[in-house]
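The next block holds one structure in the form of structure tokens; read it before the comments.
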Amino acid sequence: MRPRASNGSEPVQVLPKHFARKLLVIAENRLELLMVEVQEERDRALRAILLALGAAVFGFLAGAALTVALVVMLWSLSPIPVLLTLAVFYGASAMFLYRQFSVLQRSWETLPATLDQLRKDHACITSYLA
């Protein structure tokens, strides 16, 4: 006759196997979640790169066209101040965009749902084993 658990529901040998099976199912689910999130992060990063590249190219073209138009239009008045003013404007714009990029990098979270779920799993397993 098999020894039973203290509550009489399952044999004692079955409990570790049952627990191990549950852990494997949880690990498989978390791995699938991780794979989905990695795919989403890859797609999001690629989309962000393509959008940024497109914005940079068309922004550069617009800036070049505006620069040429202003320099040609104001050349007779004074070309050096016009060029210096445009250089200061472009430099200030570049600094602003760099700061925005830095803020974006600091607030970027990688795989937040997976990490949150792993923390919950850790707390659940710890409370189960305690």
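No lab work stands behind these numbers, since they all come straight from the coordinates. Computed from a prediction, not measured in an experiment: that's the story for all the values here. Here the Cβ positions follow ideal geometry from the backbone for every residue, glycine too, while neighbour counts run over all protein chains shown.
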Problem - Loop GluC sites (Glu not before Pro), segment 14-109, which have at most 12 other Cβ atoms in a 10 Å radius of their Cβ (DSSP) - result: Glu109
Practice task
Compute the separation of the alpha-carbon centres of segment 17-43 and segment 71-124 and state it in Å as a whole number.
Solution key: 35 Å
